[in-house]
Structure formats: C-alpha cells, structure tokens
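Quick note: the coordinates plus some simple rules give every number you see, no bench work behind them. Because the structure is predicted, anything quoted here is derived from the model rather than measured. Neighbour counts are summed over all protein chains in view; Cβ atoms, including those assigned to glycine, are modelled from backbone coordinates with ideal geometry.
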Amino acid sequence: MLCPASDCNLCQRLNAFRHDNQKKFPSYFNAPVPSFGDLNAELLVIGMAPGLNGANQTGRPFTNDYAGDILYPALKKFGFAAGNYGKRADDGFKLLNCRVTNAVRCVPPQNKVVADEVNNCRRFLTDELASMPNLKIILTLGTVAHNALLSTLGCKKSSFKFAHGAKHFLPQQHITLFDSYHTSRYNINTGVLTPAMFNQVIAEIRESLNVL
Ligand code: URA
C-alpha cells in the first residue's frame with residue numbers, strides 16, 4: 001500500500017477537489033501522486049503535497065512545480081540524479097540512491113493541507129519507510145513534512161525541533177533527519193531560502209552518506 005488508490009476517499013475535501021480538477025483539467029494526472037525513485041535508496045526526500053499544475057498535472061512529485069526547479073538540479077549537482085530534468089514524467093530524468101515522496105499525496109486547494117489530511121495519509125508514509133531497507137537519511141522540506149515524519153515514527157516533536165539546516169539523529173530508527181525550508185516559490189521569492197542555502201543542505205547529505 002505504498003500509494004493510495006487512484007480515487008482515494010480518505011479525505012473528502014481532497015477527493016472533491018480531485019473531481020473538480022478532473023472536469024476542469026481533463027488532461028492532468030488528477031490522482032494521488034506516487035513516489036519517485038528506487039525503494040532501495042539510502043535517501044528519502046519528503047515534500048508537502050503535489051502542486052495543482054505541477055505534480056498533480058504530471059503525476060511525478062515536484063515535476064513541473066516551481067519547487068522542483070530548485071530541488072531536482074540540487075539533487076543532480078550532488079549525484080542524486082542523472083539526466084535532464086524536463087518537467088515531465090517521461091523526461092528520462094532518474095534519481096540515484098534517492099526517492100522523493102510527499103506527506104500528502106493529493107493536491108490540496110490553495111496549496112494548503114489540513115491536519116486531518118496529513119493524518120489520513122500517514123499510513124502511506126509508514127509503508128514507504130517500512131519498504132526502504134537501506135534508508136539512512138531523510139530530508140524533510142518544511143514543517144508539514146517534518147511533523148508528519150515525526151508522527152509517523154512516533155518521535156516527540158519537542159525533542160526534534162524543525163530548523164533549516166538542522167540535522168537530527170533518530171536513535172531508534174538509525175536514521176539521520178535533515179531539515180530544509182521548503183523549496184517553494186514563496187520561500188525563494190521572499191529570500192527565506194536561496195538555492196545556495198538549499199545546495200548546502202544537499203551537499204551535507206552527500207558528505208554524510210560518504211562517511212556512513
Ligand atoms: N511541492 C511539494 O511539496 N511536493 C510536490 O510534489 C510538489 C510541490
């Protein structure tokens with residue numbers, strides 16, 4: 001159960017939004033977006049939810065989303081991806097030792113998820129983690145992903161506070177959690193996150209994997 005059924009109704013609001021989008025944008029993917037990359041990867045990147053005209057259109061996380069324009073080149077720069085990121089699910093772009101998923105698999109209205117939706121979708125993240133035998137590092141993009149991960153693992157939020165660039169060792173899981181501000185257009189446009197700041201986080205992850 002790594003991905004919800006194509007007409008998942010665990011979240012009524014997201015199901016209704018999907019049906020609206022199927023009418024409005026019939027050529028779009030308009031379904032829960034499956035994770036991208038190999039289950040044997042050592043690195044898992046967790047985003048928030050698909051963007052309406054991005055992952056919800058293309059059917060691949062962060063693909064054709066502004067956030068992907070920052071994420072994917074950075075992954076490629078540090079050897080976690082190969083090929084040309086062409087903003088389409090069939091662009092031939094490949095992740096290397098890396099998998100990308102979302103805390104919520106369906107596109108939310110106004111690009112905002114609510115707590116119940118994160119909770120409903122947690123079962124898929126649980127399965128995702130259980131299906132990655134070599135998992136060593138998780139990168140959460142933003143607080144929604146960070147908190148969703150901690151809840152999924154049963155870790156106390158007060159013990160692992162979100163901060164950009166933070167590195168938390170999760171002893172029970174033998175996993176290192178890295179945090180970054182989300183690569184959203186809003187964060188980039190407001191200067192909260194720069195591509196250089198994001199590259200620095202990916203560089204540290206590369207370094208950590210090299211010494212592990
Ligand atoms: N933002 C996310 O958090 N995830 C996506 O898949 C696309 C944009």
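Given 0.36 nm per residue, what is the gain on full extension from Ala16 to Ser208 after removing their alpha carbon distance, in nm? Walk me through the numbers before you get to the answer.
Values: separation 192, 0.36 × 192 = 69.12 nm, distance 4.24 nm.
Residue separation times 0.36 nm, minus the Cα-Cα distance, leaves 64.9 nm.
Among all the lysines, which ones have a C-alpha under 26 Å from Lys136's C-alpha, if same-chain residues fewer than 8 places away are not counted?
Cα-Cα hits under 26 Å: Lys76, Lys77, Lys94, Lys156, Lys157, Lys161, Lys167.
Using the 10 angstrom Cβ neighbour count as an exposure proxy, how do Ser27, Ser35 rank, fewest first? Kindly include the intermediate steps, with their values, before the conclusion.
On the way: Ser27 6, Ser35 24.
Result, fewest neighbours first: Ser27, Ser35.
If you take the square roots of the eigenvalues of the alpha-carbon gyration tensor of segment 63-145 and sort them as a ≥ b ≥ c, do you get rounded (a/c under 1.5), prolate (a/b over b/c) or oblate? Walk me through the numbers before you get to the answer.
Values: a/c = 2.10, a/b = 1.33, b/c = 1.58.
Taking the square roots of the gyration eigenvalues as a ≥ b ≥ c, segment 63-145 is oblate.
At 222 nm, what helix-only mean residue ellipticity would the chain give, in deg cm²/dmol to the nearest 500, using -39500 (n - 2.57) for each DSSP H run of four or more?
Details: 7 runs with 78 residues, N = 212.
Estimated from H runs of four or more residues: -11000 deg cm²/dmol.
Full extension from Asp116 to Ser158: what is 0.36 nm times the residue separation minus their Cα-Cα distance, to one decimal in nm? It would help to have the intermediate numbers written out before the result.
Numbers: separation 42, 0.36 × 42 = 15.12 nm, distance 2.06 nm.
Computed gain between Asp116 and Ser158 is 13.1 nm.
For the chain, set up a Gaussian network in which alpha carbons nearer than 10 Å are linked by springs, and say which option among Asp91, Asp65, Asp179 fluctuates the most.
Asp91
Using the number of other C-beta atoms within 10 angstrom as an exposure proxy, rank Cys121, Cys155 with the fewest first. Walk me through the numbers on the way to the answer.
Details: Cys121 25, Cys155 17.
Ranked by crowding around the Cβ, least crowded first: Cys155, Cys121.
Debye sum, Cα scatterers, the chain, no solvent: what log₁₀ I/I(0) at q = 0.11, 0.18 1/Å?
So the normalised log intensities are -0.47, -1.37.
For segment 105-163, rounded, prolate or oblate, judged on the Cα gyration tensor with a ≥ b ≥ c (square roots of eigenvalues), a/c < 1.5 rounded, else prolate if a/b > b/c? Mind showing how you got there, number by number?
Numbers: a/c = 1.76, a/b = 1.25, b/c = 1.41.
Verdict is oblate for segment 105-163.
If the elastic network links every pair of Cα atoms under 10 Å, which of Thr101, Thr183, Thr126 fluctuates the most in the Gaussian network model of the chain?
Fluctuation is largest for Thr126.
Within segment 65-160, which trypsin sites (Lys or Arg not before Pro) sit in a loop by DSSP and count at most 16 neighbouring Cβ atoms inside 10 Å?
Values: sites: Lys76, Lys77, Lys87, Arg88, Lys94, Arg99, Arg105, Lys112, Arg122, Arg123, Lys136, Lys156, Lys157; in loops: Lys87, Arg88, Arg105, Lys112, Lys136, Lys156.
Loop-located and lightly packed - Arg88, Lys112, Lys156.
Measure nothing fancy, just the Cα-based angle from helix 195-211's long axis to the longest principal axis of the chain, in degrees from 0 to 90, nearest 10.
The answer is roughly 60 degrees.
If each of Ala130 and Gln200 carries a label point 7 Å out from its Cα toward its Cβ, how far apart are those two points in nm?
In this crude spin-label approximation the distance works out to 3.9 nm.
Say each of Asp91 and Leu170 gets a label point 7 Å from the Cα, pointing the same way as Cα to Cβ; how far apart are those two points in nm?
The answer from the label model is 2.9 nm.
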